[in-house]
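The values are calculated or read from the model by the stated rules, or taken from the named source; none is laboratory data. These figures come from a predicted structure and were not determined experimentally. Quick reminder, even Gly has a Cβ in these numbers, built from the backbone with ideal geometry, and neighbours come from all protein chains shown.
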Amino acid sequence: MRLDAAIAWGSRALSESSDSAKLDAELLLAELLQCSRAQLIAHAERFLTGAELAHYQHFIARRKQGEPLAYLTGHKEFWSLDLRVTPATLIPRPETELLVERTLALFPNDERRRSIADLGTGSGAVALALSQERPAWEVYATDQSTAALAVAQQNAVHLGLERVRFFQGSWCAALPALLFDAIVSNPPYLSESEWQGCQKELHFEPVSALVSGEEGLHDLSELVHGAKKYLRPGAYLLLEHGWEQGPALRKLLREEAYQEVCSYHDLAGRERVTSGRWAI
Ligand SMILES: C[S@@+](CC[C@H](N)C(=O)[O-])C[C@H]1O[C@@H](n2cnc3c(N)ncnc32)[C@H](O)[C@@H]1O
């Protein structure tokens with residue numbers, strides 16, 4: 001089969017299961033042939049070998065079952081970093097870039113050696129983006145999942161960001177006994193019923209990365225409480241959350257005596273990150 005025919009066949013096969021069927025087909029074929037989408041078009045008349053076609057058909061079948069594209073290609077871009085992802089890691093989302101942006105905005109043009117922690121780092125997305133932008137910072141990244149942490153460490157090596165330090169364990173308990181300038185996290189925040197009702201693709205991602213008790217607030221509340229012992233006076237806690245959880249999270253932060261509590265909107269105009277300042 002020629003490349004152009006393969007793309008047309010793949011698009012048709014995915015048309016009912018994906019909103020971006022042609023793009024998915026092109027990206028899967030480009031991954032398989034280790035080339036760019038532009039090269040696929042430029043070499044449209046090239047024929048796939050039997051092995052390549054079989055591999056491509058297998059990719060398309062898996063995608064048709066709802067398996068996320070990033071798990072098939074094995075990588076995902078976040079903050080212009082090409083990150084390896086596996087089914088042990090959440091696929092980093094564009095809205096999480098807001099957590100990076102807000103953290104950087106707290107310390108503009110900063111060349112000081114600050115201690116920053118990213119709790120529940122998954123593929124390492126947030127910690128690696130922060131380390132890339134602020135080379136002087138000492139960035140600590142933790143996760144409860146050893147499998148996710150192994151992927152994050154590989155990403156650090158691959159991106160030349162080995163100065164990020166990784167620790168396994170539950171939330172703040174994983175951290176060394178230090179006081180931090182900022183603790184950031186994108187924890188699980190879906191309620192069990194939200195997760196049950198959500199699209200098939202999400203069910204390929206680790207449930208431990210997504211679901212947080214009946215209301216979705218269990219881990220956010222644990223972080224708000226636990227982080228206080230690890231924050232310097234005047235330091236910040238920044239948390240990503242569900243778009244309807246802003247009011248509940250602001251209340252939790254104020255009840256735990258955080259100050260300057262405020263929420264930030266993502267590109268869709270939804271409250272997505274809330275921060276508070278400890279012991280000013
Ligand atoms: C929503 S994912 C975020 C991953 C990554 N920070 C990102 O934004 O792409 C939540 C992460 O928290 C981790 N996690 C869940 N419960 C945890 C706990 N009790 N302690 C530490 N990490 C936990 C999961 O393994 C997962 O990697």
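The residues of the stretch 153-178 that are more than 18 Å from Lys229 (Cα to Cα) and within 14 Å of the ligand (Cβ to nearest atom), listed by number, are Gln153, Asn155, Ala156, Val164, Phe166, Gln168. Selection of the stretch 16-36 for residues being of a type outside the set (Asp, Glu), at pLDDT 95 or above and surrounded by 13 or more Cβ atoms within 10 Å (Cβ to Cβ) yields Ala21, Lys22, Leu23, Ala25, Leu27, Leu28, Leu29, Ala30, Leu32, Leu33, Cys35. Remark: pairs (first residue in the stretch 173-190, farther than 16 Å from Val126 by Cα; second residue crowded, with 20+ Cβ neighbours inside 10 Å and among the acidic types (Asp, Glu); Cβ separation under 8 Å; 6+ apart in sequence or on different chains) = Ala174/Asp143; Tyr189/Asp219; Tyr189/Glu240.
Okay, residues lined up against (1) more than 14 Å from the ligand (Cβ to nearest atom); (2) in contact (Cβ under 8 Å) with a residue 24 or more places away in the chain:
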site	(1), (2)
Gly216	no, yes
Gly234	yes, yes
Arg254	yes, no
Tyr264	yes, yes
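Could you go through the stretch 185-193 and let me know if any residue there is more than 16 Å from the ligand (Cβ to nearest atom), out of contact with any Lys or Arg (no Cβ under 9 Å at 6 or more places or on another chain) and modelled with pLDDT under 95. The answer is yes, given that some residue of the stretch 185-193 is more than 16 Å from the ligand (Cβ to nearest atom), out of contact with any Lys or Arg (no Cβ under 9 Å at 6 or more places or on another chain) and modelled with pLDDT under 95.
Let's see how each residue does on (1) closer than 22 Å to Leu178 by Cα; (2) surrounded by fewer than 24 Cβ atoms within 10 Å (Cβ to Cβ):
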| site | (1), (2) |
| --- | --- |
| His75 | no, yes |
| Ser80 | no, yes |
| Ala88 | no, yes |
| Ile91 | no, yes |
| Leu98 | no, yes |
| Leu119 | yes, no |
| Ala127 | yes, no |
| Pro135 | yes, yes |
| Thr142 | yes, no |
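Considered as a group, the residues in the stretch 110-130 that are part of a helix (DSSP H, G or I) and closer than 10 Å to Leu81 by Cβ include one that is nearest to the ligand (Cβ to nearest atom), and that residue is Ala125.
Please verify whether Ile41 is more than 27 Å from the chain's Cα centre (by Cα) and outside the structural domain of Gly242 (by TED's automatic domain parsing), treating the condition exactly as stated. When the stated conditions are applied, Ile41 passes them. Regarding the stretch 78-97, can at least one residue be identified that is in the same structural domain as Glu205 (by TED's automatic domain parsing), part of a helix (DSSP H, G or I) and of a type in the set (A, V, I, L, M)? No: the stretch 78-97 contains no residue that is in the same structural domain as Glu205 (by TED's automatic domain parsing), part of a helix (DSSP H, G or I) and of a type in the set (A, V, I, L, M).
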